[in-house]
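Step one of this worksheet: look at the structure below.
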Amino acid sequence: QVQLVESGGDSVQSGGSLTLSCAASGITLRFYAMNWYRQAPGKQRELVASITGGGNTDYADSVKGRFTISKDNAKNTVNLQMNILKPQDTAVYYCNAAYYSNDFWGQGTQVTVSS
């Protein structure tokens, strides 16, 4: 059974930092493209950051220079370091693992940034 479990969500003030972690079981992450999505109330889910199996990264324009995605293949985890957080970063953050037709999601972790 595949499980992705996010952790690290919290309430912080604007300008603060958080690190989200996604721990995987049942799959080997080094083969997967790993993505962090977020969904704010009343808005569509949006892709925030991606890392390929080869380690190439990509970011939404809104988080470039502030967020960093990384993957630890030994620990089978993917992290999202979030710096200089803004109120507009408030959302539920979801971990996603994608490999060909395989597509797995975590349950989400809440990030709240207050001004």
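With a point put 7 Å past each Cα toward its Cβ, work out how far Ser70 is from Asp58 in nm, to one decimal.
A separation of 2.3 nm, rounded to one decimal place.
Under a straight-distance cross-link criterion of Cα-Cα below 26 Å, which lysines are reachable from Lys43, leaving out those fewer than 8 residues away in the same chain?
Qualifying lysines at Cα under 26 Å: Lys64, Lys86.
What percentage of the solvent-accessible surface of the chain, computed with a 1.4 Å probe over protein heavy atoms, is contributed by carbon and sulfur atoms?
On the way: 2770 of 6080 Å².
Carbon and sulfur: 46 percent of the exposed surface of the chain.
Quick one: order Tyr32, Tyr59 from most to least accessible surface, probe 1.4 Å.
The residues order as Tyr59, Tyr32, largest area first.
Kindly sort Thr19, Thr90 by accessible area of their heavy atoms, largest first, with the probe set to 1.4 Å. Write down the numbers at each step before the final one.
Working: Thr19 65, Thr90 35 Å².
Sorted by accessible area, descending: Thr19, Thr90.
Just to make sure I understand: if all protein chains stay in place, what is the order of Asp61, Asp72, Asp103 by accessible area at 1.4 Å, largest first?
Values: Asp61 125, Asp72 50, Asp103 85 Å².
Output order, biggest surface exposure first: Asp61, Asp103, Asp72.
Before I look further, what does the chain give for accessible area per residue, probe 1.4 Å, in whole square angstrom?
Values: 6080 Å² over 115 residues.
Per-residue accessible area for the chain comes out at 53 Å².
The values are calculated or read from the model by the stated rules, or taken from the named source; none is laboratory data. Since the model is a prediction, treat every value here as computed from it, not as a measurement. Every residue, glycine as well, gets a Cβ built from its backbone with ideal geometry; the counts of neighbours run over all protein chains shown. Just so you know, the surface numbers come from the protein's heavy atoms only, side chains and all, with ligands and any DNA or RNA stripped out. Shrake-Rupley method; radii C 1.70, N 1.55, O 1.52, S 1.80 Å.
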